[in-house]
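The values are calculated or read from the model by the stated rules, or taken from the named source; none is laboratory data. Note that this is a predicted model, so its numbers are computed, not measured. Cβ sites come from the backbone with ideal geometry, for glycine too, and all protein chains shown count toward neighbours.
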Amino acid sequence: MPATNNRLILTPDDPEFSQWLGTPPPTWQSEIESRAGECVLIAEAESGLLRPASWSETDDYLYGGEYEERLVSLGLEVEDAYDYDV
């Protein structure tokens, strides 16, 4: 099978197998460095896996509802910021 075809699985008999096996995945440190320090790690709502985000993506995460989804998935109570007694 030519290397230009899209494959879902890379098997050991594939010529590119050893090349991919020897390529380490990117680290969170390299991701932060590539973003010039503008990076926050946020937890995805469904999986809980951390992913890098910029400041604007973090605002979307916090105020767009994904953060609340994450709290619900953890079994935590979501408090309304405007519903409190003074």
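Selection of helices (runs of 4 or more DSSP H) fully inside the stretch 11-78 by the criterion of at least 2 residues being aliphatic (A, V, I, L, M) returns 66-73. Scanning the stretch 48-61 for residues that are surrounded by 14 or more Cβ atoms within 10 Å (Cβ to Cβ) and at pLDDT 90 or above gives E57, T58, D60, Y61.
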